[in-house]
Amino acid sequence: NGVVEQLDVLVIGSGPGGYVAAIRAAQLGKQVAIVEKEAVVGGVCLNKGCIPSKALISVAHQYEATTHSREIGLQVAGVSVDFAKVQEWKQSVIDKLTGGVKSLLKGNKVQRIQGEAKLVGDDLVQVTNGEETSLYRFAHCILATGSRPIELKAFPYEGRILSSTEALTLPEIPKSLVVIGGGYIGIELGQTYAKLGAKVTILEGSDSILPGFEKEMSRFVGRKLKKLGVEVQTGAIAKEAQQTVGEVTITYEVKGELHQVSSEYLLITVGRRPNIDQLGLETVNMKLTERGFIQVDQQCKTSVQSIYAIGDIVEGLALAHKASYEGKIAAEVIAGLNSSVSYKTIPAVVFSDPEIASVGLNETEAKNQGYTVSIGKFPYAANGRALSLNAGDGFVKIIGDSATGAILGGQIVGPEASNLIGEIGLAIEKGHKLQDIAHTIHAHPSLGEIIMEAAEGALGQGIHQL
Ligand code: FAD
């Protein structure tokens, strides 16, 4: 009946969810194939998300540091950005990583199939590649098809209206840029181009940028945006855009009043939509959640026994490390292990300037859950390493349970927050207490000491704090 092959595990999508699931399933002795419709592996994260955005952020950061280094005694003349070279370097970073994933798949004997996959039964997938179609029968399938930018009717992606994908591959630094949506992608990209010289305006519908994070944290980013000359308009509802030669004019409403702003480009970052509409889900009667994601249980099982789903197509934070984590769980469950997900220590990070990172509960959540909390909060400005890096803007906050000393959560705003948050995550994961962090010797001078000082503070034992 035309079936090419019978597989233990068929993974659809090679992003950080899919490729990790495939490798883990292969490690556990399964015969695995992974289907990807693009010519490259790695998904959004490696090709048009996490990695290219972090590469551009790094360039913008280094450029800003170089051009604003007078106060530390560096006089640098003649600094300029060769943006074509920046893009070339960014692509080389992507190529190294996607090349690495390709080798890992091969090394783990995961078969790669190129083409667009569609379920045609609860044990059958059809893969189309150009004119060719092939059928694959599977015992288990892991869906990991990710997400794409939401396209608003009034702002179709064409010409000067960009999604994050096009904003990452611009041939030149825009002179001016309006960003609709002050979530993490809008802030990361808006701030990057502002640092590289663009005049940036951010329109956000709610009453603050980065609405998922406490204002105590996001206001640091707000302050930095102001310093960069970025105009942030909150409570702004974007209505329409008109493109003329070389310009796009955006009409938006604030408190019932209409305003207009023009710029060279308009970037829309209002969220992402799961890639499930073309997957043939109707043929297997797949259950969705109210918000339109694939419904899964604690073991990443969907309503169809043989099919699992992970990453951006299921509810929860749309982040690469969540997709990979779920990928490992799904593979382990398929291999007969008794694994299940727990999101207690999943970090949420924004690579803004300064960076923001949160893990576990914040103060409000802890109080709402009935805890009496011990809070320790220590500023970067009192840390020797931070000051010698000329990076004194930020804090570490640790939330402890006063009854037991257990660490409930932590928030960091400041340089390297993304790297530092792991220590607090590990402490929560392992059930460590405030005193465990406070009693761990941290290298001096290091940013890690800020975490130790915050834990000491929560215990009322702060040395460098009154
Ligand atoms: P994806 O990475 O979306 O991969 C899905 C893959 O499936 C794609 O390769 C797609 O081509 C393929 N596919 C889809 N349908 C089919 C089909 N029918 N047949 C075959 N193949 C198919 N997350 C972070 O954690 N940190 C960050 O710093 C970060 N920065 C980001 C910056 C930007 C600009 C964007 C857009 C996203 C960022 N993210 C970040 C989010 C992160 O990229 C996603 O959460 C992550 O990629 C989701 O992984 P996934 O495996 O679910 O899907």
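Read the figures in this text as sums done on the coordinates, not as results from a lab. Model, not experiment: these values are computed from the prediction. Positions of Cβ are backbone-derived with ideal geometry, glycine not excepted, and every protein chain shown enters the neighbour counts.
Can you sort V127, V261, V245, V4 so the residue with the fewest Cβ neighbours within 10 Å comes first?
Placing the least packed residue first, the sequence is V245, V4, V261, V127.
Step through the table entries K102/K322; K195/K430; K109/K344; K96/K175; K85/K118, compare each Cα-Cα distance with 29 Å, and write down the pairs that go over it.
With Cα atoms farther than 29 Å apart: K195/K430; K109/K344; K96/K175; K85/K118.
Per DSSP helix of 4 or more residues, -39500 (n - 2.57); summed, then divided by the residues of the chain. What does that give at 222 nm, rounded to the nearest 500?
It comes out at -9500 deg cm²/dmol, rounded to the nearest 500.
When the chain is fully extended, how far beyond the present Cα-Cα distance does T244 get from N285, taking 0.36 nm per residue of separation?
Result: 10.1 nm gained on full extension.
Which three semi-axes in whole Å describe the equivalent ellipsoid of segment 157-225, each the square root of 5 times a Cα gyration tensor eigenvalue, listed largest first?
They are 22, 13, 9 Å, listed from largest to smallest.
Excluding residues on the same chain fewer than 8 positions from K90, give the lysines whose Cα lies under 16 Å from its Cα.
Those lysines meeting the cut-off are K48, K54.
Quick one: order I185, I57, I329 by neighbouring beta-carbon count within 10 Å, fewest to most.
Going from least to most buried by this count: I57, I329, I185.
What's the FRET efficiency of Q278 with K109 using the Cβ-Cβ distance as r and R₀ = 45 Å, to the nearest 0.05?
It comes to 0.95.
If you scale each eigenvalue of the Cα gyration tensor by 5 and take the root, what three semi-axes come out for segment 45-137, rounded to whole angstrom and sorted largest first?
For segment 45-137, the ellipsoid semi-axes come out as 45, 13, 11 Å.
For the pair A77 and R219, what calculated FRET efficiency results from E = 1/(1 + (r/R0)^6), where r is the Cβ-Cβ distance and R0 = 35 Å, to the nearest 0.05?
Here the calculated transfer efficiency is 0.50.
Can you give the three extents of the C-alpha atoms in segment 83-136 along their principal axes, from longest to shortest, in whole Å?
The principal-axis extents, from largest down, are 47, 27, 18 Å.
Kindly provide the trypsin sites (Lys or Arg not before Pro) of segment 359-430 that DSSP labels as loop, not H, G, I, E or B, and whose Cβ sees at most 11 other Cβ atoms within 10 Å.
Those satisfying the criteria are K430.
Just to check I understand the Karplus step: with θ = phi - 60° and J = 6.51 cos²θ - 1.76 cosθ + 1.60, what whole-Hz values come out for segment 137-146, glycine and proline as x?
Running phi through 6.51 cos²θ - 1.76 cosθ + 1.60 with θ = phi - 60° gives 9, 10, 7, 9, 10, 10, 8, 8, 8, x Hz.
Which Cα, out of G197, Q260, I407, lies furthest along the positive dipole direction of the chain (beta carbon charges, K/R +1, D/E -1)?
With unit charges placed on the Cβ atoms, the residue in question is I407.
Less than 20 Å apart at the alpha-carbon level, and either on another chain or at least 8 residues along: which aspartates and glutamates does that give for K153?
E166, E204, E240, E247, E253, D277
For segment 318-418, just the Cα set please: Rg and Dmax, both in angstrom.
Calculated on Cα positions, Rg and Dmax stand at 16.8, 51 Å.
Test of understanding: what is the full-extension gain from D297 to E5, defined as 0.36 nm times their sequence separation minus their Cα-Cα distance?
Full extension of this stretch gives 102.2 nm more.
Could I get the Rg over Rh figure for the chain? Both from C-alpha atoms, Rh via Kirkwood, rounded to two places.
0.99
If the cut-off is 12 Å between C-alpha atoms, which aspartates and glutamates fall inside it for K226, apart from same-chain ones fewer than 8 positions away?
Hits, sequence-local ones excluded: D353.
What list of ³J(HN,Hα) couplings, whole Hz, do you get for segment 177-187 from phi and the Karplus terms 6.51, -1.76, 1.60, once you set θ to phi - 60° and write x for glycine and proline?
8, 9, 10, 9, x, x, x, 5, 5, x, 5
At a 10 Å Cβ-Cβ cut-off, how would you order T98, T244, T440, fewest neighbours first?
T244, T440, T98
Can you tell me the FRET efficiency between E166 and Q62 if r is taken as the Cβ-Cβ distance and R0 is 22 Å, rounded to the nearest 0.05?
Efficiency for this residue pair is about 0.40.
Work out, in µm²/s and without decimals, the Stokes-Einstein translational diffusion coefficient of segment 302-376 at 20 °C, 1.002 mPa s, Rh from Kirkwood over C-alpha pairs.
145 µm²/s
Counting only DSSP beta bridges with both residues in the chain, what percent are antiparallel, rounded to the nearest 5?
Percentage antiparallel, nearest 5: 60.
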